[in-house]
Amino acid sequence: MGEVGIPGEEPKLEESSHSDSWRVAKLSFITILWVVALMCAWGAFEDPGSRLIVLFTWPFALWFLIAVHELGHAIATWLVGWRVVAIAMGPIGYHFHNRDFAFVRRSKRTEFAGFVLPMPTRLETWTITRKNIISAGGPAANISLATAFFVAGWMASGPRAEDSVNYPLIYLGMAFGSLSLGIGALLPSIQRNFTSDGDHIRQTMRLTSAEWIKDRAIAYLAGGLQFQLRLRDLPRWMLEEASRVAANDNGDFRQFYHTLEIGIMLDRTPVDITQTRAMVDDYRAQYGPSEWLNSCDAYLAAVWEGNGAKARCLLWRRPCNEELLALTLAAEAAVLAREGKVAQAREFLYEMREANRKKSIFPDHTFREIGRQIEAILPS
């Protein structure tokens, strides 16, 4: 529950792997708690017709428990001096930075959970302890709520009028449901591609100081981008730390940081053509051509340098990476627009927007602006 990158807290630092027997044990334990919760709620009504209320209201009760979990993460985030960039509670999402609501498709959520994307506000607060407090906030909220429901059920127990609703059993059902979410989030994940809140805590506790500093730079920057924080809105102080880490790295992180630098330059309006061209050419000299580089280069040449012929030569013609599809389509649309092929350019712009809608939970403001820039160079 409440993961990110993984939807819910921040991008995982390492992949969780557990034996099939462990997965079965956890799933059985959680299932038992949910069955007990449902049976308590079912038993609160003696009239068979009234029991249908349980079936209709149970999804809303489940959403309420999920909302408590994610709000627990969010409140913990604010309490430790970080900010919440985005939050989703089941299918309802809100991006605080971009001020966008979203419907979070089932395929974009882990299990039936939501997520919170926390972001530190300054270097001094960017610590393992605060990160773990945020991770624990969701389970703590559910366990606290379960305790409150158990107490409420105990206090409400006693003689009751005939045929009335047995409220202590309803409280007990909600308590077991909330306890299931809280304990389940602390136990290792049963899904191979995601990590639980407990996994996050255990992973970061095993990191050395040097590993934490390196991992946090790429994790938080990549997580922000995954959830539509614009390149130009990435915290400057965080980028400065990433720059220091990249200076001592000869591998993938250094290259990742250089892609960020170029992306930030292209995300500004207007683009500094001279500086961006120098950075793109330097990147090509260091790492060679790629779908990402050629698409950025073609876009720069077509939209900002006004060189349609050069841009046409740069378009990527090899098999495309699905993650880069929107960028590749944008480059093609930019070239067609510069060549005056209005209908074809608009067709590629439509495909670009569709690709972003399928990939993104929240609207992508960078590609919205890219679309406007390409439309601006279309012949009247």
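What the table below lists for this structure:
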| read-out | value |
| --- | --- |
| Shape of region 293-380, Cα gyration tensor, a/c cut at 1.5 | oblate |
| C-alpha long axis of helix 273-287 to longest principal axis of the chain, angle in ° | 80 degrees |
| Ranked list, fewest to most other Cβ atoms within 10 Å of each Cβ, for SER178, SER21 | SER21, SER178 |
| Region 211-294 - Debye-derived log10 I(q)/I(0), Cα point model, q = 0.17, 0.21 Å⁻¹ | -0.72, -1.08 |
| Rough spin-label spacing in nm, given labels placed 7 Å along Cα→Cβ, for GLU240 and PHE29 | 4.5 nm |
| Integer Hz, Karplus 6.51/-1.76/1.60 couplings in order for region 96-101, x for Gly and Pro | 5, 5, 8, 6, 10, 8 |
| Helical contribution to [θ] at 222 nm, DSSP H n ≥ 4, -39,500 (n - 2.57), averaged over the chain, rounded to 500 | -20500 deg cm²/dmol |
| Amide hydrogen neighbours beyond the local backbone of ALA86, cut-off 5 Å, H modeled | PHE96, LEU117 |
| Beta bridges by DSSP in the chain, antiparallel share as percent, to the nearest 5 | 95 percent |
| Average projected area [Cα convex hull, region 67-153], square nanometres | 6.6 nm² |
| On Cα atoms only, tilt of 252-266 relative to the major axis of the chain in degrees | 70 degrees |
| Relative contact order %, the chain, counting alpha carbon pairs below 8 Å whose residues are six or more apart | 18 percent |
| Residue-wise HN-Hα coupling along region 334-349, computed from phi with Karplus coefficients 6.51, -1.76, 1.60 (Hz; x: Gly, Pro) | 5, 5, 4, 5, 5, 7, x, 8, 4, 4, 5, 4, 5, 5, 5, 5 |
| Per-q log10 I(q)/I(0), the chain, q = 0.12 Å⁻¹ (Debye; single scatterer per alpha-carbon; no solvent) | -0.95 |
| Karplus-derived HN-Hα couplings along region 195-204 (A = 6.51, B = -1.76, C = 1.60, θ = phi - 60°), whole Hz, x at Gly and Pro | 10, 7, 4, x, 4, 4, 5, 5, 5, 5 |
| Cα-based Rg and Dmax for region 230-376, where Dmax is the largest Cα-Cα distance (Å) | 15.2, 48 |
| Rounded, prolate or oblate (a/c below 1.5 giving rounded, otherwise prolate when a/b exceeds b/c) for region 35-92 by Cα gyration tensor | prolate |
| Pairs of lysine residues in the chain - Cα separation under 18 Å, sequence separation of 8 or more or cross-chain | 7 |
| Helix 20-43 axis, angle to the chain major axis (alpha carbon atoms, nearest 10°) | 50 degrees |
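Computed from the coordinates by the stated procedures, all read-outs in this text should not be read as laboratory data. Model, not experiment: these values are computed from the prediction. Backbone-built Cβ (ideal geometry, glycine too); neighbour counts: all protein chains shown.
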